[in-house]
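Single-structure report; data block below.
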Amino acid sequence: MTDSEATPADSTPADSAGPGPTPAERAATRDAHRELAEDALVRADDLVAGYLPGVNILEDCNFFLRDGEIVGIIGPNGAGKSTLLKTLFGLIPVRSGTVTLRGDDITSKPAHVLVQKGLGYVPQTNNVFPALTIEENLEMGIYLRPKKFAERFAFVSELFPLLAERRKVKAGSLSGGERQMVAMGRALMMDPSVLLLDEPSAGLSPMFQDEVFIRCKAINAAGVSVIMVEQNARRCLQICDRGYVLDQGRNAYTDTGPRLMNDPKVIELYLGTLAGSREKK
Ligand SMILES: Nc1ncnc2c1ncn2[C@@H]1O[C@H](COP(=O)(O)OP(=O)(O)O)[C@@H](O)[C@H]1O
Ligand SMILES: [Mg+2]
């Protein structure tokens, strides 16, 4: 899936004045990250973004996704994971920094332009139209190219057979897990090269959570590069080529999924029992 040379040799502390790496550590690793980002499909450099005037949520955030990868973004509640995803999708004003797709600057482009360029975004909540049927929800996903509906519906139904079986059912009557499939299916209707998923497993039963991770892997195997934000950090890192740990709007660590999962500092701060108490604060 990903070129093994394209991953840093060690867990790479980056960009944090917070509880993770020191500023000196992050300065030393930022250049390495930037080099690895060359030729990336999606790339964000030194993003500063926020909602309220004078309050930055993302502080010099860096990120990249290579073609074919599945990359996870984890970190405590309030770290800025959703904000990063929304910023990549042009939903938050960017104060400085850039987002590029295949080298084209897409910073702050409107959603319909980004969708046409091949980005699909699934927000964490309110991601289906409850009063519409499954089929109508999927039609909404491809209203820009209605003639392609049948072809895309066939593709999406192969990944999520339930959507074809229950196509006439109103999305509002579905379980949380089924709705998540509708939301992901809708984003896939436009044949995106990159799918952005915000906590697809949140609020689901353990069985459905596992199902979501399996589907994400299948979507990736079908040729879609995936960026997923997840609170289920361990499970996410298990399926991801690479992961980013965000903390207080900054990069804390980035590495391959397995290396992050086994990094004592990452375990202590973000995956262990301490991580639980940090999340509650
Ligand atoms: N719409 C908003 N207006 C103002 N502040 C927001 C808004 N959404 C999120 N924030 C703030 O931005 C920070 C990061 O939030 P978010 O990106 O949702 O975190 P995460 O997804 O990592 O839990 C939090 O401090 C949160 O309170
Ligand atoms: Mg979030």
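Summarised as an ellipsoid, the stretch 189-281 has semi-axes of 24, 15, 12 Å, derived from the eigenvalues of the Cα gyration tensor scaled by 5 and square-rooted, with the largest first.
Across the stretch 65-70, coupling constants 3J(HN,Hα) worked out from phi with the 6.51/-1.76/1.60 Karplus curve, θ = phi - 60°, read 10, 8, 4, x, 7, 10 Hz, and Gly and Pro carry x. Amide H to amide H distances under 5 Å link R166 with no residue, where only residues 5 or more positions off or on other chains count and H is placed in the peptide plane. Using a Gaussian network model of the chain in which every pair of alpha carbons under 10 angstrom is joined by a spring, one finds that among I73, I227, I239 the greatest mean-square fluctuation is at I239.
For V94, no residue has an amide H sitting under 5 Å from its own, ignoring neighbours fewer than 5 places away on the same chain, with H placed 1.01 Å from N. Any of K86/K265; K117/K147; K86/K147; K86/K117; K217/K265 with alpha carbons more than 21 Å apart? Name them for me. Beyond 21 Å: K86/K265; K86/K147; K217/K265. Amide H contacts for Y253 (H built 1.01 Å from N in the peptide plane; partners 5 or more residues away or on another chain; cut-off under 5 Å): A14, V245.
Taking the Cα centre of the stretch 38-120 as reference, the dipole from Cβ charges on Lys and Arg (+1) and Asp and Glu (-1) amounts to some 360 debye. The value given for the stretch 12-280 is a Kirkwood hydrodynamic radius of 18.8 Å, derived from the mean inverse Cα-Cα separation. Our coupling estimate for the stretch 224-230, obtained by passing each phi through the Karplus curve with A = 6.51, B = -1.76, C = 1.60 and θ = phi - 60°, is 9, 6, 10, 10, 10, 8, 9 Hz, Gly and Pro reported as x. For the peptides 146-152, 255-261, the ranking by mean Cβ contacts within 10 Å, running from highest to lowest, is 255-261, 146-152. I'd like the distance between the alpha-carbon centres of the stretch 213-242 and the stretch 153-209, rounded to an integer number of Å. The stretch 213-242 and the stretch 153-209 have Cα centres separated by 15 Å. When the charge dipole of the chain is built from unit charges on Cβ atoms (+1 for Lys and Arg, -1 for Asp and Glu) and taken about the Cα centre, the candidate among L41, T29, V115 whose Cα reaches farthest toward its positive end is V115.
A short reminder: the numbers here are calculations on the coordinates, not readings from a lab. Because the structure is predicted, anything quoted here is derived from the model rather than measured. Cβ coordinates were reconstructed from backbone atoms using ideal geometry, including for glycine residues, and neighbour counts include every protein chain displayed.
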